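Please read the structure below before turning to the comments.
The values are calculated or read from the model by the stated rules, or taken from the named source; none is laboratory data. It should be emphasised that the depicted structure is a prediction, and the values quoted were computed from it without experimental measurement. Backbone-built Cβ (ideal geometry, glycine too); neighbour counts: all protein chains shown. These area figures cover heavy atoms from the full protein model, side chains too; ligands, DNA and RNA do not enter into them. Shrake-Rupley method; radii C 1.70, N 1.55, O 1.52, S 1.80 Å.
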Amino acid sequence: MSPTAISGGSGGTLRFLESTIFKKAVMALTGAILFGFVSGHLLGNLQIFLGPDRLNEYAAFLKSNMEVLWIARTVLLLSVTAHIVTTVQLMRINQTARPVGYAKKNNSHSTLASRTMYYSGPMVAAFVVYHLLHFTTGTLHPEFSPVDVYSNVVVGFQRLPVAISYIVAVGLLCLHLSHGVSSLFQSLGFSHPQHTPRIKAVARLVGILYFAGYASIPAAVMLGILRAPSVHL
Ligand code: HEM
């Protein structure tokens, strides 16, 4: 981008807002916010292994201040929307820059995660819609209780297709996330011959650990490690 693109009054500001640099910064910021949520949500969910009371108390605590909850929900919704809209805008910019595409794609430097970014993103978004109808509103849950989150999760995952679809969805999310975390640094202009490969390795590890963490919950229900409280009696 030329220096004139970021200066020169309102026309310059408009050009800056339309620049690839600004859009990549939006992707990095919104991606970081979403990553923060996914990290907090994982830590919160893992409390299921500490028993029904612990998880239900934690869920009640989250809902104890509805103003804070709705502020957090609004920030999340705005971040998801900006992340998706900016992705589409960047795709259009890429298509305009290279309308014909490569005769033969060289994938030697790309990874499965980077090649599937445009597919994993929408699939994760579709999963989140299903997930909200399943565990938040209870619309798609067979025995939903607004206060017993522990039972909602256990009963929900006792259906094998549901448990398996969650494992597939969190797999896609973690694939998306592992590439997203490393591109966040690139988007912020950080590129270093020694540190960049390390960042990529850490991002891959984060993807694997988050997958293990999230998938452990439906897997534990399927294996009978996590059971509905009445079964213990
Ligand atoms: C095995 C994996 C997961 C489990 C067991 C799980 C569990 C839950 C539960 C029980 C709730 C409702 C909490 C409550 O009402 O107090 C919830 C809400 C939610 N989950 Fe998950 N979740 C999982 C994965 C994910 C993933 C991967 C994402 C995002 C990509 C996600 C995004 C959300 C969102 C946005 C909400 C709504 C939060 C709100 O109330 O504002 N979840 N989840």
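Could you tell me whether any residue of region 9-29 is open to solvent by less than 40 Å² (accessible area, probe 1.4 Å), within 16 Å of the ligand (Cβ to nearest atom) and at pLDDT 90 or above?
no
Just one of Val202, Val181, Val168 is within 27 Å of Tyr150 (Cβ to Cβ) and not small (Gly, Ala, Ser); which is it?
Exactly one of Val202, Val181, Val168 is within 27 Å of Tyr150 (Cβ to Cβ) and not small (Gly, Ala, Ser), namely Val168.
Which one of Phe61, Phe35 is under 25 Å from Gly171 (Cβ atoms) and more than 8 Å from the ligand (Cβ to nearest atom)?
That would be Phe35, the only listed residue that is under 25 Å from Gly171 (Cβ atoms) and more than 8 Å from the ligand (Cβ to nearest atom).
Among the residues of region 45-62, is there at least one that is outside any helix (DSSP H, G or I), on the phi > 0 side of the Ramachandran plot, surrounded by 12 or more Cβ atoms within 10 Å (Cβ to Cβ) and of a type outside the set (S, T, N, Q)?
The answer is yes, given that some residue of region 45-62 is outside any helix (DSSP H, G or I), on the phi > 0 side of the Ramachandran plot, surrounded by 12 or more Cβ atoms within 10 Å (Cβ to Cβ) and of a type outside the set (S, T, N, Q).
Given the criteria within 10 Å of the ligand (Cβ to nearest atom) and either in contact with a strand residue (DSSP E or B) (Cβ under 7 Å, 6 or more places away or on another chain) or touching a residue at least 12 places away in the same chain (Cβ under 8 Å) (or both), does Tyr118 qualify?
no
Within region 182-233, which residues are under 24 Å from the mean Cα position of the chain (by Cα) and of a type in the set (Val, Ile, Thr)?
Matches in region 182-233: Thr196, Ile199, Val202, Val206, Ile208, Ile217, Val221.
Could you tell me how many of the residues in region 184-203 are assigned to a helix (DSSP H, G or I) and without any contact (Cβ under 8 Å) to a residue 60 or more places away in the chain?
Residues in region 184-203 being assigned to a helix (DSSP H, G or I) and without any contact (Cβ under 8 Å) to a residue 60 or more places away in the chain: 11 in total.
Among the residues of region 190-233, count how many are closer than 15 Å to Gly156 by Cα, at pLDDT 95 or above and of a type in the set (A, V, I, L, M, F, W, C).
9
For region 40-50, how many residues meet the condition of being touching a residue at least 40 places away in the same chain (Cβ under 8 Å) and more than 11 Å from the ligand (Cβ to nearest atom)?
Looking only at that region, the number is 1.
Just one of (1) of a type outside the set (Val, Ile, Thr); (2) touching a helix residue (DSSP H, G or I) at 6+ places or on another chain (Cβ under 9 Å); (3) open to solvent by 80 Å² or more (accessible area, probe 1.4 Å) trips up Arg92, so point out which.
Looking at each condition in turn, Arg92 falls short on (2).
What single numbered condition from (1) under 30 Å from Leu205 (Cα atoms); (2) at pLDDT below 95; (3) basic (Lys, Arg) fails to hold for Arg92?
The number of the failed condition is (1).
Taking region 128-147 as the search range and keeping residues that are open to solvent by 40 Å² or more (accessible area, probe 1.4 Å) and more than 21 Å from the chain's Cα centre (by Cα), which one is nearest to Gly171 (Cα to Cα)?
Ranking the qualifying residues of region 128-147, first place goes to Leu140.
May I ask you to verify whether Arg198 is of a type in the set (Lys, Arg) and over 20 Å from Ile48 (Cβ atoms)?
Yes.
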